[in-house]
Amino acid sequence: MGRLFGEPSRIAARATAGRLAVLYDGGCEMCRNVAAGILRYDNTGELELFDANDPSARAHFPELRLGDLLYELHVIDDRGRVYRGARAVNEILRRQSGLRSLLAYLWYFPGYAWVADRQYKAIAGARRRDADAPVAAASARQP
(Lines give C-alpha, C1' and ligand atoms only; values in the text may rest on other atoms or scores of the structure.)
Protein backbone atom coordinates (compact mmCIF):
# COMPACT_ATOMS: atom_id res chain seq x y z
CA MET A 1 0.00 0.00 0.00
CA GLY A 2 2.98 2.27 0.34
CA ARG A 3 3.93 5.24 2.44
CA LEU A 4 0.80 7.25 1.66
CA PHE A 5 -1.46 4.66 3.25
CA GLY A 6 0.54 4.07 6.39
CA GLU A 7 3.52 1.87 5.68
CA PRO A 8 6.21 3.90 7.44
CA SER A 9 9.88 3.41 6.73
CA ARG A 10 12.14 2.39 9.61
CA ILE A 11 15.44 3.73 10.89
CA ALA A 12 17.76 2.62 13.67
CA ALA A 13 17.36 5.87 15.64
CA ARG A 14 14.28 6.10 17.80
CA ALA A 15 12.30 8.57 19.84
CA THR A 16 12.47 8.37 23.61
CA ALA A 17 10.42 5.41 24.89
CA GLY A 18 6.70 6.15 24.78
CA ARG A 19 7.15 9.38 22.84
CA LEU A 20 7.01 10.76 19.32
CA ALA A 21 9.84 12.89 17.96
CA VAL A 22 8.53 15.63 15.65
CA LEU A 23 11.10 17.20 13.32
CA TYR A 24 10.10 20.47 11.65
CA ASP A 25 11.82 23.21 9.65
CA GLY A 26 12.62 25.92 12.20
CA GLY A 27 13.79 28.17 9.36
CA CYS A 28 10.20 28.56 8.17
CA GLU A 29 7.75 30.81 10.01
CA MET A 30 4.75 28.71 9.00
CA CYS A 31 6.51 25.56 10.22
CA ARG A 32 7.36 27.17 13.56
CA ASN A 33 3.71 28.22 13.94
CA VAL A 34 2.56 24.68 13.12
CA ALA A 35 5.03 23.27 15.66
CA ALA A 36 3.69 25.66 18.32
CA GLY A 37 0.15 24.64 17.37
CA ILE A 38 1.05 20.96 17.68
CA LEU A 39 2.27 21.58 21.22
CA ARG A 40 -0.91 23.48 22.11
CA TYR A 41 -3.10 20.74 20.59
CA ASP A 42 -1.22 17.87 22.23
CA ASN A 43 -3.03 16.48 25.25
CA THR A 44 -0.61 13.63 25.93
CA GLY A 45 2.69 15.32 26.76
CA GLU A 46 4.38 12.65 24.65
CA LEU A 47 5.66 14.82 21.80
CA GLU A 48 9.26 15.99 21.51
CA LEU A 49 9.75 18.77 18.99
CA PHE A 50 13.08 19.17 17.22
CA ASP A 51 14.19 21.88 14.82
CA ALA A 52 15.62 19.97 11.86
CA ASN A 53 18.13 22.79 11.32
CA ASP A 54 19.77 22.10 14.67
CA PRO A 55 22.87 19.89 14.25
CA SER A 56 22.21 18.12 17.57
CA ALA A 57 18.70 17.15 16.42
CA ARG A 58 20.10 15.77 13.16
CA ALA A 59 22.82 13.94 15.10
CA HIS A 60 20.08 12.17 17.05
CA PHE A 61 18.51 10.98 13.76
CA PRO A 62 21.55 10.65 11.44
CA GLU A 63 19.76 8.45 8.91
CA LEU A 64 17.41 11.27 7.92
CA ARG A 65 18.68 13.69 5.28
CA LEU A 66 18.40 17.41 5.96
CA GLY A 67 16.81 18.05 2.55
CA ASP A 68 14.06 15.54 3.33
CA LEU A 69 13.53 17.03 6.79
CA LEU A 70 13.16 20.52 5.33
CA TYR A 71 10.77 19.26 2.63
CA GLU A 72 8.13 17.85 5.00
CA LEU A 73 7.30 17.23 8.63
CA HIS A 74 8.78 14.00 10.02
CA VAL A 75 7.57 12.02 13.03
CA ILE A 76 9.64 9.17 14.47
CA ASP A 77 8.26 6.82 17.09
CA ASP A 78 10.05 4.79 19.75
CA ARG A 79 10.29 1.80 17.39
CA GLY A 80 12.12 3.74 14.66
CA ARG A 81 9.11 4.12 12.36
CA VAL A 82 9.22 7.31 10.29
CA TYR A 83 6.05 9.09 9.19
CA ARG A 84 6.25 12.00 6.74
CA GLY A 85 4.03 14.86 5.63
CA ALA A 86 0.28 14.35 6.01
CA ARG A 87 0.86 10.88 7.43
CA ALA A 88 3.00 12.46 10.18
CA VAL A 89 0.11 14.77 11.07
CA ASN A 90 -2.20 11.74 11.14
CA GLU A 91 0.15 9.90 13.51
CA ILE A 92 0.20 12.88 15.88
CA LEU A 93 -3.61 12.93 15.84
CA ARG A 94 -3.81 9.16 16.32
CA ARG A 95 -1.74 9.39 19.50
CA GLN A 96 -3.96 12.00 21.15
CA SER A 97 -6.29 11.12 24.02
CA GLY A 98 -10.06 11.21 23.95
CA LEU A 99 -12.05 12.88 21.22
CA ARG A 100 -8.98 14.47 19.65
CA SER A 101 -7.85 11.07 18.40
CA LEU A 102 -11.06 10.67 16.38
CA LEU A 103 -9.76 13.05 13.71
CA ALA A 104 -7.15 10.44 12.82
CA TYR A 105 -9.88 8.04 11.69
CA LEU A 106 -10.68 10.27 8.72
CA TRP A 107 -7.60 8.62 7.21
CA TYR A 108 -9.63 5.43 6.70
CA PHE A 109 -12.35 7.05 4.57
CA PRO A 110 -11.83 6.22 0.90
CA GLY A 111 -9.77 8.88 -0.81
CA TYR A 112 -9.02 10.87 2.35
CA ALA A 113 -5.34 9.88 2.57
CA TRP A 114 -4.82 10.88 -1.05
CA VAL A 115 -6.57 14.25 -0.56
CA ALA A 116 -4.71 14.91 2.71
CA ASP A 117 -1.37 14.16 1.05
CA ARG A 118 -2.11 16.46 -1.91
CA GLN A 119 -3.30 19.26 0.37
CA TYR A 120 -0.24 18.91 2.61
CA LYS A 121 2.07 19.11 -0.40
CA ALA A 122 0.24 22.16 -1.79
CA ILE A 123 0.55 24.01 1.51
CA ALA A 124 4.16 22.93 2.05
CA GLY A 125 5.05 23.97 -1.49
CA ALA A 126 3.76 27.49 -0.86
CA ARG A 127 5.77 28.09 2.29
CA ARG A 128 8.87 30.27 2.44
CA ARG A 129 12.02 29.77 4.46
CA ASP A 130 13.24 32.74 6.46
CA ALA A 131 16.59 34.07 5.29
CA ASP A 132 17.59 35.12 8.80
CA ALA A 133 15.72 32.53 10.89
CA PRO A 134 17.44 31.69 14.16
CA VAL A 135 18.36 28.10 14.84
CA ALA A 136 16.22 26.90 17.73
CA ALA A 137 17.30 24.70 20.61
CA ALA A 138 17.43 20.97 19.89
CA SER A 139 14.11 20.30 21.56
CA ALA A 140 11.24 22.55 22.50
CA ARG A 141 10.00 19.91 24.90
CA GLN A 142 12.66 17.99 26.79
CA PRO A 143 12.12 14.33 27.71
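Some observations on this one:
- Among strands (runs of 3 or more DSSP E) entirely within region 23-128, having at least 3 residues that are acidic (Asp, Glu) and under 17 Å from residue 11 (Cα atoms) singles out no element at all.
- Residue that is modelled with the lowest pLDDT, among those in region 35-79 that are touching a strand residue (DSSP E or B) at 6+ places or on another chain (Cβ under 6 Å), within 18 Å of residue 121 (Cα to Cα) and not hydrophobic (A, V, I, L, M, F, W, C): 72
- Those residues of region 1-15 which are at pLDDT below 90 and either of a type outside the set (Gly, Ala, Ser) or part of a helix (DSSP H, G or I) (or both), in sequence order: 1, 3, 4, 5, 7, 8, 10, 11
- Residue identified as of a type in the set (Ser, Thr, Tyr), free of Cβ contacts under 8 Å to residues at least 40 places away in the same chain and out of contact with any His (no Cβ under 6 Å at 6 or more places or on another chain) among 83, 120, 105, 71: 105
- Test result for residue 69, buried (at least 22 other Cβ atoms within 10 Å of the Cβ) and of a type outside the set (Phe, Trp, Tyr): no
- Residue match in region 92-115 (condition: at pLDDT 90 or above and in contact with a strand residue (DSSP E or B) (Cβ under 8 Å, 6 or more places away or on another chain)): yes
- Some residue of region 102-110 being of a type outside the set (A, V, I, L, M) and at positive phi: no
- Residue check for residue 94: among the charged types (D, E, K, R), surrounded by 13 or more Cβ atoms within 10 Å (Cβ to Cβ) and touching a residue at least 24 places away in the same chain (Cβ under 8 Å): no
The values are calculated or read from the model by the stated rules, or taken from the named source; none is laboratory data. Since we're looking at a predicted model, the values are computed, not measured. No Cβ is skipped: glycine too gets one built from the backbone with ideal geometry, and neighbour counts run over all protein chains shown.
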